[in-house]
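This report concerns only the one structure given below.
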Amino acid sequence: MIRRLIGQPVEDEHAQLEEIMKLIERFCMLLRTNFRDGLKENEHIYRIEAWASGFQDSLTELEESRYAANWFGERVDKPFEEEMDEDERMDYWRHVYFYKNAIIRIFSVLDKLGYFMNEMFALRTERVKPRYSYFTVLRQMKDSEPLAELNRHLQQVKNTYKEPLNILRHKRNTEIHYVNVEMLDDLKQTRHHFTKNNHIEDLERNLSKLEQGCQMVYETMEHVFRYCADRIPGNP
């Protein structure tokens with residue numbers, strides 16, 4: 001959708017994302033095939049299938065936001081907003097909008113994945129922590145021997161992207177919890193990216209961290225849905 005709005009080819013899609021979409025669709029198809037007669041009556045399976053299908057929209061929204069943040073960011077050349085003409089200033093603020101949106105969506109997808117995994121694998125994480133995240137679920141998995149292989153892969157992905165994800169988490173928290181007085185200095189950077197005496201933030205560095213954060217999500221999703229689909233009876 002966003003690609004069309006900015007005149008970019010829709011065919012220029014993310015190859016890894018396409019593979020994840022296929023895994024999700026295969027997983028949902030296997031659920032529907034195996035539980036054709038009782039899908040709606042089986043609340044557990046019904047929720048699993050609904051959540052899994054919903055990831056296709058969530059991942060598309062994340063990827064579109066990442067793409068747009070990059071596209072508008074590449075159109076910004078001036079180091080100070082005061083030096084930008086109106087068109088470049090608009091591109092800069094569009095970049096900021098999609099950059100923030102992509103960061104929020106990274107953690108939104110991960111949180112949804114945590115709830116999905118908790119339900120899918122009956123981990124009962126809510127008994128440990130009523131309000132939990134994907135990372136809480138990941139810690140809960142370590143005690144499940146049948147999930148040891150999947151847990152190992154997911155831990156490797158988490159550790160690989162630990163540094164950029166921490167940076168993005170800090171930015172997400174600043175954006176969402178800006179009323180916290182202790183975060184006002186960070187808020188100024190997140191909302192304005194500049195002062196009269198300072199450069200705007202390093203867009204290239206920011207986009208590199210964003211790219212790594214998205215890659216963490218994609219690799220995580222790929223591991224989870226390949227594991228799930230491969231273990232449903234009837235999988236070819």
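The values are calculated or read from the model by the stated rules, or taken from the named source; none is laboratory data. Remember, predicted model here, so these are calculated numbers, not experimental data. A quick note on method: Cβ atoms are made from the backbone with ideal geometry, for glycine too, and the neighbour counts reach across all protein chains shown.
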- [ ] Answer yes if at least one residue in the stretch 164-171 is free of Cβ contacts under 8 Å to residues at least 12 places away in the same chain and within 14 Å of the chain's Cα centre (by Cα), and no otherwise.
- [x] yes
- [ ] Specify which of the listed residues (TYR227, TYR132, TYR218, TYR178) is closer than 28 Å to TRP51 by Cα, outside any helix (DSSP H, G or I) and either among the hydroxyl-bearing types (Ser, Thr, Tyr) or at pLDDT 95 or above (or both).
- [x] TYR132
Task: Residue check, LYS112 modelled with pLDDT of 95 or more, under 30 Å from TYR227 (Cβ atoms) and surrounded by fewer than 18 Cβ atoms within 10 Å (Cβ to Cβ) - done: yes
